[in-house]
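Read through the structure below, which is laid out as structure tokens, and then see the notes.
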Amino acid sequence: MDFIQISVVLVVLLLLAIPTGRYLARAFSLENTRLDRAFGGVEKVIYKWSGIRIADMTWKQYATAVLVSNITMVAIAYLLLRLQGMLPGNPSGVAAMDPLLSFNTAVSFLTNTNLQHYSGESGLSYLSQMMVIIYLMFTTPATGIAVVMAFMRGLTGQRSIGNYYVDLVRAHTRVLLPLAVVVTLLLVAQGVPQTMEPTATATTLSGAEQQIARGPVASLVSIKHLGTNGGGFFGVNSAHPFENPTPLTNVLEILSMFLIPASLPFAFGFMTKSRKQGWIIFGAMSLMFLVFLGIAYGSEINGNPALERAGLSQAVGSMEGKEVRFGIAQSALFTAVTTAATTGTVNNMHDTLTPLGGLVPLGEMMLNCVFGGDGVGTVNILMYAILAVFIAGLMVGRTPEFLGRKIEGKEMKLIAIAILAHPLIILAPTAIALASEMGTAGISNPGFHGISQVLYEFTSSAANNGSGFEGLGDNTPFWNISTGLVMLFGRYVSIIAMLAVAGSLLAKTPVPETMGTLRTDNGVFLVILIATVVIVGALTFLPVLALGPVAEWLTIR
Amino acid sequence: MSRTRTVAFPKDLYQRAFVEALKKLDPRVMIKNPVMFVVEVGFVVTLLLTILPDLFGGASDRGYNGIVSLILFVTILFANFAEALAEGRGKAQAESLKKTKQDTKARKLAKDGSIQMVSSTELRKGDLVIVEAGELIPSDGEIVEGVASVDESAITGESAPVIKEAGGDFSSVTGGTRVVSDRIRVRVTTDPGESFLDRMISLVEGAKRQKTPNEIALNTLLVSLTLIFLIVCTTLQPIASYVNAAIPIATLVALLVCLIPTTIGGLLSAIGIAGMDRVTQFNVIAMSGKAVEASGDINTIILDKTGTITHGNRMAAEFVPVGNSKADALNRAAAQSSILDETPEGRSIVELAKKQGLAASELELPGAEGVEFRAETRMSGTNLANGTQIRKGAVDAIKTYVKELGGRIPADLDEKANRIATAGGTPLAVVEGNVILGLIYLKDTVKPGMRERFEELRRMGIRTVMCTGDNPLTAATIAREAGVDDFVAEAKPEDKIALIRKEQAAGKLVAMTGDGTNDAPALAQADVGLAMNSGTVAAKEAANMVDLDSDPTKIIEVVAIGKQLLMTRGALTTFSIANDVAKYFAIIPAMFMLAIPQMNALNIMGLATPQSAILSALIFNAIIIPILIPLAMKGVKYSPMSATKLLSRNLVIYGLGGILVPFVGIKLIDLVLVGLNLV
């Protein structure tokens, strides 16, 4: 039954991803398409009002535009959070957010991380929920989509890497807004609230008075998933019955967050004019995902031996921290998907996952390319593809080339920066946190699990995931500043480096493909790609994983 | 096809490499190889800990620190040894070349025409010298007067002398070679220290060796992997301390050294040097490692027809009778007309006739006299003792000749001659008395084995283009016969350079061979230009490789060597990185086993103790370098096949092998350590 549940979701995902991939390739085409007729009118108005000139950009102009627009966004968000107490749209009378938490929150939503060191229902006004949270929830995945499109244009040798502002607008008009409207309506139909009324007051059966938080939930939840954002309206996120009331909404949310990351490889296939190329990238991501999902499910269904010894039945698996309405299968699937797509929304508490079950989200975020967040996940796997070509490509007796472009010193330097940054911003702060009082003070469960808690927080920040192991007391200056910085580096270092790679590749004369060329659209390359991700990406984290989840698993067995 | 030059290695090659390896321990030298430099720093740290076990606070096991330190030292030594050994072979070769470079006396021709005896080191560019039979040519130069046969064995190893003459493409001579006959006047073209021999010596010595672009890119990757593992290891200590699983410094250093790509880091420069060395052993001098690397990437090879694809002289392929003459009569007459003709053409006619069953007795013609080919008559032949005149020659010349003698022109002559011409051959008519017996079909023959080689190149994804001055019909025929992919007929020198530019504009890398001065611009334009040593100085200077044997087909071998070099680099990188999997499984449980006994569950190799596990991994890491030195020197096996097949094969050997071999190796070393009671 569990198997069928999971398979159905994944098959539906595949059926949706292929046409969406084709749609994305067309929606962001540099050529004129029929879509221009459908959306062109609205877009022209936007270009006109905002003074956007539609001209091709160099990679430097593109990267500058990304940074300038993102700095503007984070400034707006920060100011709104600081001033929310005085602004309208605040029926529940929420006070201003303190400076460091505001910094952390603004950065968190800017970077598509959505790490929440505040609790949604009590920390934010409705205006902040809409003008900061929902606003950034649209613009940051749009930024991610723009970047991946620019990157793929560079790799596939299009006319140019495009225009950032045009891509940003199109990501809204052609992808995120239409999809968000559809998903919002489906969620409302399932009972997710969408209201501007303040907190409701109810009298419980025992006669006590209870405050029930509500608000414009459905609109936030839809883009939360579609944009691989993850920040919940409520503190407990998609475990809350108003965010995720039924198994059907659970499936809808899973599909929403996987849709764009899973369709981008197909879009890549269409852009390279080799569908097989898209399938190989998708295949590598899927295989890695299935292994992770298998571990998560297997570990959770087998229950927690420590609880079993304490006399708690583990017959249906480890249900601690999980919602009964979802059960093991939908919880494990949700966990595997939310960290694969680096969304960070949760429908169960990751802190209470069994040790190996908790290893899965950590592992997926460490790789950061098992589908990954909107746009950036595909950028990352393509970066690994270039790396794979560089290492293994020499074995065919030619200097390495990917899609007809030589991979040389310059690209390797840029890729080196990106592959260095990820372990550095995870491991260094983890080491600092664990060695200092500031860091260890927040740990609720010392020992190996404490390592997992700290590691999870920084991994989630670096991968721009945003889910928390929770359990960690993280609204302190130390955590707000450290995770804030990690999120910023986690997002922009690789984005800029990869845009530079795209620019550099685009400038090269393409090399014609011959019998002697390494093919990147067959099974052999699939194996090389996965091996590269595992050996370069994963082995780095093996020692620290051994001390965290693995040690915990071995000691409670 | 080509001989390989065997260099007599001095007996102390290994000994010398060992001394060099020690010299390379100098940190100022080591820093050029960042991966091994990190190992050296680790060595110093563990050495200090051996002397002062409580240097970094807390007691540590002095004996263990000492052993780790020793293994690290040996690891560095192995890597240095690999490089020194590769360099040593070049040095040995250079030494054998230096022996040819002796100070000679030269007869310098002064402006007033008098001859002075000077030392060869005093010669400057533009000086004129006279060299006579038996003398060494004092410097590189060009013959301005005379013809001589020159023994170039000092440079090429080829003992048969070659003919050099003033003017044309065979005028250049190399210093250090010996004039065997005649007397020549030579204009010196280089100053002392810049001669071909000097350049060759410095090239094989590796003095000017620069890292190639791919090597630099690979180095970037290796450095970044090293940095990643440096981050992993330095952050591990505080994280482990949090759960009271502090790790001894020596173990941490051991983990670091095992994880960083020391195998490829130690062998990378040896692979590059050995690649150039392999080219040298093929008697080709590559001016830079870059050129060798580029030859692996070649997409198109441009080959001259004459001398490269074909023998360059036309051979008889068939006898075609005309009119009502008999085949036997034509055979006999054709052979008899050529019996005194010593040109390759003439000999091939006699041979063909014999092959077709002509009795040897028919060719014993006492008293016959030969008539040589003359430009006016355009025919040659034999006057037999009985007065019969047999002639062969161009069809229209023979027609005029026969008409003069009152003979008849067979009706099918023109048609058959045209058919031969259309097929790309040359028809020669044979006439006995005034009767035209038939035609000899002469054609340019493709060298044996060329077809197979082009087929091989196609499998490697390389296109071959033939350049020829012939008309399109002839060119097409040869192209079809040789199996080249494309051809350019009626090609002028500037067509060649245009062709190269066109290919390069399409992103292709082009290789070509050439020897003439008019080839020089094209040789310079090509990504890989292989000049013939017999060619002009200009050609040799424009090219980035020179073939000492002057065998134009050798470009194909050079391409294979380039591919082999890149493959070796990729294979050992893959192997080195794949090794990490097993090393992790050896070291991680060992590292934490004291603090967390349950970690033994990860000890899937069943290594005896934590110490033996760490030492085994470290020892494996060290000895794999010398084990792989022969592979780095010889290069991985290369046979032409499609990239996908090649990749699958190498992936299984070096990728899968790289994962599995260390599991076995580490376990074996562990067993030995336990067996010898060392741990």
message: If amide hydrogens are placed 1.01 Å from N in the peptide plane, which non-local residues have theirs closer than 5 Å to the one on A:H240?
response: none
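Given the pairs B:K305/B:K443; B:K563/B:K634; A:K508/B:K508; B:K32/B:K508, which span a C-alpha to C-alpha distance of over 24 angstrom in this model?
Working: B:K305/B:K443 13 Å; B:K563/B:K634 13 Å; A:K508/B:K508 12 Å; B:K32/B:K508 33 Å.
B:K32/B:K508, as the Cα separations exceed 24 Å there.
Could you tell me which of rounded, prolate or oblate describes the protein assembly as shown, using a ≥ b ≥ c as the square roots of the eigenvalues of the alpha-carbon gyration tensor, with rounded for a/c under 1.5 and, failing that, prolate when a/b is larger than b/c and oblate otherwise? Working shown, then result.
Working: a/c = 2.83, a/b = 1.93, b/c = 1.47.
Because a/c hits 1.5 or more and a/b exceeds b/c, the protein assembly as shown counts as prolate.
How much of the DSSP bridge set in the protein assembly as shown is antiparallel, in percent, rounded to the nearest 5? Provide the component values of the computation, followed by the final result.
Details: 66 of 85 bridges.
Taking every DSSP beta bridge with both residues in the protein assembly as shown, the antiparallel ones total about 80 percent.
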- prompt: What order do you get for B:129-135, A:167-173 when each peptide is scored by the mean count of other beta carbon atoms within 10 Å, highest first?
  reply: A:167-173, B:129-135
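Kirkwood Rh, region B:557-679, all Cα pairs: how many Å?
Details: mean 1/r = 0.0631 Å⁻¹.
About 15.9 Å for region B:557-679.
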query: Quick one: Karplus J couplings for region A:207-214, per residue in order, coefficients 6.51, -1.76, 1.60, θ = phi - 60°, nearest Hz, x for Gly and Pro?
result: x, 6, 9, 10, 8, 10, 6, 8
query: Roughly speaking, what % of Cα-Cα pairs in region A:297-450 are separated by over 20 Å, rounded to a whole number?
result: 63
- line: Between the alpha carbon centres of region B:478-496 and region A:365-418 the gap in Å comes to 40
- prompt: If eta is 1.002 mPa s and T is 20 °C, what Stokes-Einstein diffusion coefficient results for region A:266-354, Kirkwood Rh from Cα pairs, in µm²/s?
  reply: 147
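Calculate how large, on average over all directions, the projected area of the Cα convex hull of chain B is; give the answer in nm² to one decimal. Write down the numbers at each step before the final one.
On the way: hull surface 160.9 nm².
Projected area, direction-averaged: 40.2 nm².
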message: Treating chain A as a set of equal point scatterers at the Cα positions, no solvent, please give the Debye-formula log₁₀ I(q)/I(0) at q = 0.09, 0.10 Å⁻¹.
response: -0.63, -0.78
query: Between rounded, prolate and oblate, where does region B:316-441 land on the alpha carbon gyration tensor, with a ≥ b ≥ c its root eigenvalues, rounded for a/c under 1.5, else prolate if a/b exceeds b/c?
result: rounded
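Averaged over its residues, how many other protein chain Cβ atoms are within 10 Å of peptide A:386-394's Cβ atoms?
Details: counts 0, 1, 0, 0, 7, 9, 10, 4, 15.
For peptide A:386-394, the averaged partner shielding equals 5.
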message: Could you derive backbone 3J(HN,Hα) for region B:609-626 from the dihedral phi with the Karplus parameters 6.51, -1.76 and 1.60 (θ = phi - 60°), listing whole Hz in sequence and x where the residue is Gly or Pro?
response: 9, x, 5, 5, 5, 5, 5, 4, 4, 5, 5, 4, 4, 7, 6, 5, 5, x
- prompt: If only Cα atoms are counted, what is the Rg of region A:117-173, and what is its Dmax, in Å?
  reply: 15.7, 49
- request: Using θ = phi - 60° and the Karplus relation 6.51 cos²θ - 1.76 cosθ + 1.60, list the HN-Hα couplings for region A:447-455 in order, rounded to whole Hz, with x at every Gly or Pro.
  value: x, 4, 5, x, 4, 4, 4, 5, 4
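All of the numbers you see were taken from the coordinates with simple rules; none came from a lab. Keep in mind that what you see is a predicted model, and the values were worked out from it rather than measured. Note: ideal-geometry Cβ built from the backbone for every residue, glycine included; neighbour counts use all protein chains shown.
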